[in-house]
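A.B. asks: Handing you this structure, nothing more for now.
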Amino acid sequence: MTEGLKFSEVEIGDDLPEEVPDVSLSSVTAFCKAASHIFDRFLDHEAAQKEGFPGAIVPGIMSQGLLAAMIHKWAPGSSIRSIDTVFRGSLLVDSQITMTGAVTDTDDESNLVELDLAIIAEDGRTGVIGTAVVQLLE
Amino acid sequence: MSTSSNGLDLNELRDRWIGVEFDWATFEMDTTQMLAWAQACGEVDPRFIDPEHEDFQAHPGFTTHCMSGRLFPENFPQIGGGFGIDGGKRVDAHAAIRAGDTLTATTTIADIFDKTGRSGTMIFIVQRMEFRNQSDTLVSTVDWKMIKKAD
């Protein structure tokens, strides 16, 4: 882990480094067990197809967790005060998804920054959009 | 819009139901579960993946898996069609959640509103769970947006 990102080092318009998180079946299964979120649509491609999905899908709450981890990688030592995600479309297990983020506002009295977040599916669809408020180191 | 297509007055519903507590539940914060959650999310910050770290705590969204016993209050009217879809979650992290904490969650309806777009009018019902630890400190608020088609 790198040294913490300081508030003074951040400007509106900064992009977070893109991340391609692991949404393999083994990783999603591990998440589902940790979340006691055991549903076939997340754990079994064939079962998900029977429910009308192209394959097993990434749980919405996991996609939010992936974004939180991306924020911590960008700004080690920061504290996420809020994170708000909208699930717009399915993200498939065992696919390549890409997470993005950008700084949209800063508050120099409280060292808070606001971020826009998104997760893009392998086929280019936007699967998740969101925002977060993050407190950075002074 | 203040009246849905099935004749429900959304303003009246808001006045009647917003803020009414309808479920209470208790959750134990388990180290193994907290750790597995953060690791599966690809977390690298030791505060979330090293139980020996002095500031070890749950990932910010950890409480999103804690479900209330009921989706809606008793006698809450059927709004829109079907079960609805998961529209997303907002988490406000007020304070660190520690391994071994016992959280008590109180569930309310936080908002009811509608939006009209290409798919027609959709009704949003926001279920709010507030989590307090054993010291009665508010540690997390989770707003869950459930979306239903008005027709």
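A.B. asks: Which ones in region B:85-97 are open to solvent by 30 Å² or more (accessible area, probe 1.4 Å) and modelled with pLDDT under 95?
C.D. replies: Result: B:ILE85, B:ASP86.
A.B. asks: Only one of these conditions is not met by B:GLY69: (1) of a type outside the set (Asp, Glu); (2) open to solvent by 30 Å² or more (accessible area, probe 1.4 Å); (3) within 13 Å of chain A (Cβ to nearest Cβ); (4) touching a strand residue (DSSP E or B) at 6+ places or on another chain (Cβ under 7 Å). Which number is it?
C.D. replies: Result: B:GLY69 fails condition (3) only.
A.B. asks: Name every residue in region A:29-58 that is within 22 Å of B:PHE27 (Cβ to Cβ), of a type in the set (A, V, I, L, M) and surrounded by fewer than 20 Cβ atoms within 10 Å (Cβ to Cβ), in order of residue number.
C.D. replies: Answer for region A:29-58, where residues must be within 22 Å of B:PHE27 (Cβ to Cβ), of a type in the set (A, V, I, L, M) and surrounded by fewer than 20 Cβ atoms within 10 Å (Cβ to Cβ): A:ALA30, A:ILE38.
A.B. asks: Among the residues of region A:59-99, write down those that are open to solvent by less than 10 Å² (accessible area, probe 1.4 Å), part of a loop (DSSP other than H, G, I, E, B), within 11 Å of another protein chain (Cβ to nearest Cβ) and not hydroxyl-bearing (Ser, Thr, Tyr).
C.D. replies: Correct list: A:PRO59, A:ALA75, A:PRO76.
A.B. asks: While we're on this one: Can you confirm whether A:VAL133 is facing chain B (nearest Cβ under 10 Å), in contact (Cβ under 8 Å) with a residue 12 or more places away in the chain and within 18 Å of B:VAL91 (Cβ to Cβ)?
C.D. replies: yes
A.B. asks: Turning to a different aspect of this structure: Kindly provide the set of residues from region B:98-118 that are open to solvent by 40 Å² or more (accessible area, probe 1.4 Å) and within 12 Å of B:SER68 (Cβ to Cβ), ordered by number.
C.D. replies: The one that is open to solvent by 40 Å² or more (accessible area, probe 1.4 Å) and within 12 Å of B:SER68 (Cβ to Cβ): B:THR104.
The values are calculated or read from the model by the stated rules, or taken from the named source; none is laboratory data. Not measured: the values here are computed from a predicted model. Don't worry about glycine lacking a Cβ; one is built from the backbone with ideal geometry, like all the others, and counts go over all protein chains shown. Just so you know, the surface numbers come from the protein's heavy atoms only, side chains and all, with ligands and any DNA or RNA stripped out. Shrake-Rupley method; radii C 1.70, N 1.55, O 1.52, S 1.80 Å.
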